[in-house]
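Encoded as structure tokens, the structure appears first; notes follow it.
The values are calculated or read from the model by the stated rules, or taken from the named source; none is laboratory data. Note that this is a predicted model, so its numbers are computed, not measured. Counting neighbours? That spans all protein chains shown, and the Cβs are built from the backbone with ideal geometry, glycine included. Ligands, DNA and RNA are excluded from the accessible area calculation, which covers all protein heavy atoms including side chains. Shrake-Rupley method; radii C 1.70, N 1.55, O 1.52, S 1.80 Å.
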Amino acid sequence: MPKVLLDKKDIERAITRMSHEIIEKNKGVSSILLAGIQRGGVHIARRLASKLGLIEGTEIPVGILDIALYRDDINVRKEQPVVRRTHMPAEIHGLKVVLVDDVLFTGRSIRAAMDAIMDLGRPSAVQLAVLVDRGHRELPIKADFVGKNIPTSLDETVRVQLSEDGLEDMVVLE
Amino acid sequence: MSLRSKDLTGLKDLSTDDINLIIETAAGFKDVLGRDIKKVPALRGRTTVNLFYEPSTRTRTSFELAAKRLSTDVINVSVSTSSVVKGETLKDTARTIEALGADFIVVRHACSGAAHFLADNLGSSVINAGDGTNEHPTQALLDIFTIKEKKGSVAGLKVAIVGDILHSRVAKSNIYGLTKLGAEIKLIGPPTLVPLCFGDLGPSVYYDMDEGLKDADIVMTLRIQSERQGKGFFPSTDEYFKNWGLTSKRLLKAKEDVMVMHPGPMNRGVEISSDVADGERSVILEQVTNGLAVRMAVLYLLSGAKQ
């Protein structure tokens, strides 16, 4: 039985709170770049950017990061992960890069994302924002900004669906 | 996502879905090539062997760079300094290389069907880098990638391929690939080099250059291989240029936004004039850059293919 963990309103509140936390931790947004991890993280990054922009009255750059080529399971999987585009609107050198993903699980995607970002330049700091932290880390990785902590069991799936994909905003446990 | 086969031997047997998958994946790799660090760890620990029985600069270099930028180890076997001169057969050479642990064997050979033959006899992934007059799939894939990048889509475009179609593996792969994607192909050249039977594959055949170029969106000129001269295919390179050489005047017959392509190496003043080759309609050097991205995509996607 699928269970709704966050509805449209909850997601909106989570984005708002995370935005405030990002501003507070970084004492503003002057050298921030949000890097959304393909695919789920990209939408969340855009939402955070527009909220941050609204609060601070300035435009926040949003990059798109594809991690397929940095994954640690390429030699194990039968099917290769789909390679998508990577695009940064600016040189990331010296910027504070906030990696953004929809769900934090084993931490392996984030490890790959950190390697991918380091190949693009040398940010002054890398932080992590996720909409949902479902636990079960396999690497020493911790998010700086979390929309909601949700304890799960390993056989469950957390699905984030967003209006950008033509669906109703919702986080579901299946 | 992965390709359906462990090998890439030609576009004749490649599905439209697989062609599109390679093209889309190549776009991601082109991003990588634009960075300061042009290398990704995706295929760490794999080995690529370039086995070239025919001379090649751009294709071999391109495959070597593509393999290195995916972090595979690369070995180039140059046949003139190998056991082949001691009489070893193609199959034995390839199986020896496979026994050394090669994951990818990139092969170029003067015999049509050489890549198919190796693919059937080896467990490694075999990539055809040109077999006789049969196919040169990665060249056609990079041409398709370049067309898609510049024109948005391939379907409905009029593509004129000019020159030695008979001996050209590039032309054949392009005919197979572009036809699958819905392009309209016109083949242009002297009757000796463009036999009418090519019409059976789908394209229309023209012996008059001006007529064939009419309304073309793309003009692809092929190298007139000097080894063909003096064998009765055409009287002289001068006369060839006069009748089928691509000049800026001739190019006016094509669409205003026509794109000029050439797989290289070029013979300036034989199949193409210098002002066209270096002109603003030419994408010849971009084809070379795109070739790298496409070959990276092919290696990457084959590495996931089911054995």
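Of the beta bridges in chain A, as assigned by DSSP with both residues counted there, near 30 percent are antiparallel. Legend: residue pairs B:K68/B:K158; A:K25/B:K30; B:K39/B:K255; A:K9/A:K96; B:K172/B:K249; B:K12/B:K214, Cα-Cα distance threshold 31 Å; pairs beyond threshold, B:K68/B:K158; A:K25/B:K30; B:K39/B:K255. When A and B come together, around 1800 square angstrom of accessible surface is lost from both chains combined, probe 1.4 Å. A dipole drawn for the stretch A:1-113 from +1 and -1 charges on Cβ atoms has a positive end, and of A:N26, A:G53, A:I15 the residue lying farthest that way is A:I15. Charge dipole of the stretch B:138-283 (Cα centre as origin; +1 on each Lys and Arg Cβ, -1 on each Asp and Glu Cβ, all else neutral): 240 debye, rounded to the nearest 20. What the phi angles of the stretch A:4-12 give under the Karplus curve with 6.51, -1.76 and 1.60, with θ = phi - 60°, is a coupling list of 7, 8, 9, 9, 3, 5, 4, 4, 4 Hz, glycine and proline written as x. Only Lys, Arg, Asp and Glu carry charge here, each on its Cβ (+1 for the first two, -1 for the last two); on that basis the protein assembly as shown has a dipole of about 640 debye about its Cα centre. Between the residues A:P123, B:W244, A:L5, the greatest Cα displacement towards the positive end of the dipole of the protein assembly as shown, with unit charges on the Cβ of Lys, Arg, Asp and Glu, is found for A:P123. Surface composition of the protein assembly as shown: carbon and sulfur make up 50 percent of the accessible area, probe 1.4 Å.
The lysines within cross-link reach of A:K3, meaning a Cα-to-Cα straight distance under 22 Å and a gap of 8 or more places when in the same chain, are A:K148. FRET efficiency for the pair A:K25 and B:K249, taken as 1/(1 + (r/R0)^6) with r the Cβ-Cβ distance and R0 = 60 Å, rounds to 0.35. Rolling a 1.4 Å probe over the protein heavy atoms leaves B:E135 with an accessible area of roughly 10 Å². Restricting the trypsin sites (Lys or Arg not before Pro) of the stretch B:23-126 to loop positions (DSSP other than H, G, I, E, B) with no more than 15 neighbouring Cβ atoms within 10 Å leaves B:R35, B:K38, B:K39, B:R44. For chain A, a simple Cβ point-charge model (Lys and Arg +1, Asp and Glu -1, everything else neutral) yields a dipole of about 220 debye relative to the Cα centre. Ordering A:R46, A:R111, A:R13 by accessible surface, largest first, gives A:R13, A:R46, A:R111; the 1.4 Å probe counts only protein heavy atoms, with every chain in place. The listed residues B:S5, B:S282, once ranked by accessible area (1.4 Å probe) with the largest placed first, stand as B:S5, B:S282.
Helical runs (DSSP H, four residues minimum) scored at -39500 (n - 2.57) apiece and divided by the length of the protein assembly as shown put the mean residue ellipticity at 222 nm at -10500 deg cm²/dmol. Select from B:I19, B:G177, B:L65 the residue farthest towards the positive end of the dipole of chain B; place +1 on Cβ of Lys and Arg, -1 on Cβ of Asp and Glu, and compute about the Cα centre. Most positive-ward Cα: B:L65.
Taken one residue at a time, the phi angles of the stretch B:183-197 give Karplus couplings (6.51, -1.76, 1.60, θ = phi - 60°) of 7, 9, 10, 10, 9, 10, x, x, x, 5, 9, 10, x, 4, 4 Hz. Gly and Pro are set to x.
When all protein chains stay in place and ligands, DNA and RNA are ignored, the 1.4 Å accessible-area order of A:D169, B:D257, largest first, is B:D257, A:D169.
Among the listed pairs A:K78/B:K150; B:K151/B:K186; B:K6/B:K148, those whose Cα-Cα separation exceeds 28 Å are A:K78/B:K150.
Surface calculation, 1.4 Å probe, protein heavy atoms: B:S273 sits at approximately 10 Å² accessible. Accessible surface for A:R17 stands near 100 Å², nearest 10, in the context of the full protein assembly shown (1.4 Å probe).
The slack between A:V76 and A:E56, meaning 0.36 nm per residue of separation minus the straight C-alpha distance, is 2.7 nm.
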